[in-house]
1. Which condition does K281 not pass, out of (1) more than 30 Å from E413 (Cα to Cα); (2) modelled with pLDDT of 70 or more; (3) surrounded by fewer than 17 Cβ atoms within 10 Å (Cβ to Cβ), if it passes all the others?
2. Name the residue that is surrounded by the most Cβ atoms within 10 Å (Cβ to Cβ), counting only residues in the range 496-520 that are of a type in the set (D, E) and in a loop (DSSP other than H, G, I, E, B).
3. Is one or more of the residues making up the range 163-178 in a loop (DSSP other than H, G, I, E, B) and at pLDDT below 90?
4. So, in the range 571-586, how many residues would count as being surrounded by 20 or more Cβ atoms within 10 Å (Cβ to Cβ), free of Cβ contacts under 8 Å to residues at least 60 places away in the same chain and within 13 Å of E603 (Cα to Cα)?
5. Collect the residues in the range 544-556 that are surrounded by fewer than 16 Cβ atoms within 10 Å (Cβ to Cβ) and either in contact (Cβ under 8 Å) with a residue 40 or more places away in the chain or under 19 Å from G516 (Cβ atoms) (or both), keeping them in residue-number order.
6. Please report, ordered by residue number, the helices (runs of 4 or more DSSP H) entirely within the range 621-696 with at least 2 residues that are within 54 Å of the chain's Cα centre (by Cα) and β-branched (V, I, T).
7. Check whether at least one residue in the range 251-264 is without any contact (Cβ under 8 Å) to a residue 12 or more places away in the chain and acidic (D, E), and report yes or no.
8. Counting only residues that are out of contact with any strand residue (DSSP E or B) (no Cβ under 7 Å at 6 or more places or on another chain) and open to solvent by 60 Å² or more (accessible area, probe 1.4 Å), which one in the range 356-373 is nearest to A421 (Cα to Cα)?
Amino acid sequence: MSDLRGERDAGYICSKVMPEMRPSDSPEQDAASAVEESRAKVAQFALANLFAVSPNAIFVTDDNGVILKANPRATELFGYKQAEFLGRRIEDLVPARFRSAHPSHRENYCAHPRTRPMGAALNLFALRKDGSEFPVDIMLKPLQTQAGLIVLSFVRDITEQRAAQEALRRADLQLRSIVESVRDYAIYLLDKDGNVMTWNPGAERIKGYTRDDIVGKHFSRFFTQEDRDRNRPAELMRMAAEKGRIEEEAWRVRKDGSRFWAEISLTSIRDSDGEVIGYAKVTRDYTDRKRAEESVMLQLSSALLANMDVRKLLGAISASINEVIPHDAATLGLYDKASGGLMVQFLLPDESGAHRKEVQLQLEDSPAGEAYRTREAVVIANLRNSGLAAGARHLTNIGMQSGCWVPLIHRAEVIGVLAVASRKEGNFSERDAEMLTDIAGQVAMAVNNALAFRQIAELRDRLTQEKQYLEEEINIENRFEDIIGESTGLRQVLKDIETVASTDATVLIQGETGTGKELLARAIHRLSPRRDRTFVKLNCAAIPAGLLESELFGHEKGAFTGAIARKPGRLELANEGTLFLDEIGEMPLDLQPKLLRALQEREFERLGGTRPISVNVRLIAATNRDLGKMVAEKQFRADLYYRLKVFPIFSPPLRDRAGDIPVLVRHFVATHARRMGKHIERIPDEAMEALQRWKWPGNIRELENLLERAVILTRGPVLHVPITELQDMEEAEPEEDVEPENPSLRAAEREHILRVLRESKGQIGGPDGAAARLGLKRTTLNSKLKKLGIERSEYSIS
């Protein structure tokens, strides 16, 4: 029926617009008329469907405003039946307050008919049959017919649209009101280039700029000079464009140049195509909060660093908790990796003041361990009757009857347990447990930070000591740029060094004073996998016996008179590197077992300390004494001696390296001449011969000292060596080979020669013999074999 009614209504409109087609005498005209009639039917069909199903109410009125037709939507919207519309004036559908002006508007429109589109910015309302009003948008379409002008009125209900617009308007007003009234936040907009577009009172208060000062200016002026130099403003806009929104805390600058700590968010604004058209920026001045946080953290960390424990921190925590959870004792347990348990500190307020204790608890059979393992709060109403009473004796022994334990969790890791206890039974509820759990989150952060600060302080102290040590090492003139020499004996030593360097074996370097034992130790370190870590040296003969332990192991603050600060020892400084103990034979007997334990267990304790410190050190020791003889005389521990003598190396004396003297002479002369700003071109042959004849009881150190004196005495390009001094010394010496200045080295030299003899399969002479390997003449080696009592049976292969 609706389709038929729509067709009749459309037919009515078409009959008014188009005249009826009649036959003519011309076939051509009849054909054209048929085409027009067909088009009219199509138009009539389309109009019928539009008229019937249009979501808008459609009225057909004459030039007097009388309703001629109305579509089904009009009956739904206005509440009239179809028959009730016919003959009714359009003014009846207009609210009374607008009705008197409507005829004049219609007359003006009919006088100048035109299409008026919807959305013409008119605030229009319509009136229903029941007297209710609703907002509408109207389109007018004039049609000229044979009967005169008719007007099609398309009426759209915009109640929902108007409501949405009103809601949006109110929201916009509210947002503007909020933005304008907020004084704690700087809220403003930037264009896509970063220029300020809006400015609220909060921004004016925080940054010091008025709206006139800043609008149109680039927001980079709020950044510090350092941030501008590294192009931070552009970087922030780029990041906000990529991520949509970014947040940061940083220093910003006010108009007067002062700085403030700001919490900032920057959000990109995009158009319908997704292109960035600007940014919304919110800034809050957090200077006071930052200073307060820094003050609190400084107090907490200072308490830990000053006492090496958390007791002062616990006192501050307990005082804060007591305001919301009354208690008689507070405990703070931190997990101790060494023991696998909890080191618990607790505070007892009493009449005499705060009494502090410390106990160690296992994770099993204790309320604290239960909270640690389960990561849940533990509330016990009666400690003595609970199944965990054994692990709470430290509390029940002082009269505590109930308690509440919560885990300290920082970044998903349990670092300890916080607890409160009371002398009353059932003093803590589940609500108290929830509150204490909330507090524990903040406490965990504070404790973790405090522990981190303590670790940083320890590392800082260690690095400071290491830096001072390394600076001292750098400032000490290095006697050798490298190992200088080409003799066969030296090459054999270097071969041994190359063999042992790649291992972590302990090396014992034996040799006379001045033969370069430290240089060999450095060569071992340089060729080892530890080359990138520290090489730490300690001369046991250069430090008083009473201070040697502190130098080696370090000490805690207050460990002895004068220990005003914690100091890491050389062993700790050499962690992951190499420790070189020179003159190991001078180490006091009572200190030797401590060194042995540190080498075997790879851990030690500082003087005055209780915490073991793990180390991974490669040890190289050196001596010019006969340690084997010292062991026999009970002057050196046998167990330490055998621990050191894993791989012995004998540093040959200079008299056994006569072929290296010319090379060493040229090296030392060039070094000292360069240092003194002198230009020495030649060394006289007679001087070189004299230097090669001398037996050098002081070894390389003696040679260098003599050459330094020679450079000082030299006035021109020819080195002036005090030959007479050497001649006098030569005349005073006997003709036979000079014995080592310390006869106790005979055993070390004997063992070194035996090893070379065995490697050469007992052969003394020849290019592959022991004499050539040792850099000695065959006669000299035979003489040494006789003096050292070496029998052929000891090295020959049967």
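The values are calculated or read from the model by the stated rules, or taken from the named source; none is laboratory data. On a predicted model such as this, the values are computed, not experimentally measured, just so you know. Please note: Cβ atoms are built from the backbone with ideal geometry, for glycine as well, and neighbour counts cover all protein chains shown. When the accessible area is computed, the model is the full protein with side chains, heavy atoms only, and any ligands, DNA or RNA have been set aside. Shrake-Rupley method; radii C 1.70, N 1.55, O 1.52, S 1.80 Å.
1. (3)
2. That would be E512.
3. no
4. 2
5. Across the range 544-556, the qualifying residue is only A545.
6. Here the list reads 661-676.
7. No, every residue in the range 251-264 fails to be without any contact (Cβ under 8 Å) to a residue 12 or more places away in the chain and acidic (D, E).
8. Here is the first cut: in the range 356-373, the residues out of contact with any strand residue (DSSP E or B) (no Cβ under 7 Å at 6 or more places or on another chain) are 364-366, 373.
If we keep only those that are open to solvent by 60 Å² or more (accessible area, probe 1.4 Å) as well, we get 364-365, 373.
On the way: E364: 19, D365: 17, R373: 20 Å.
Here the answer is D365.
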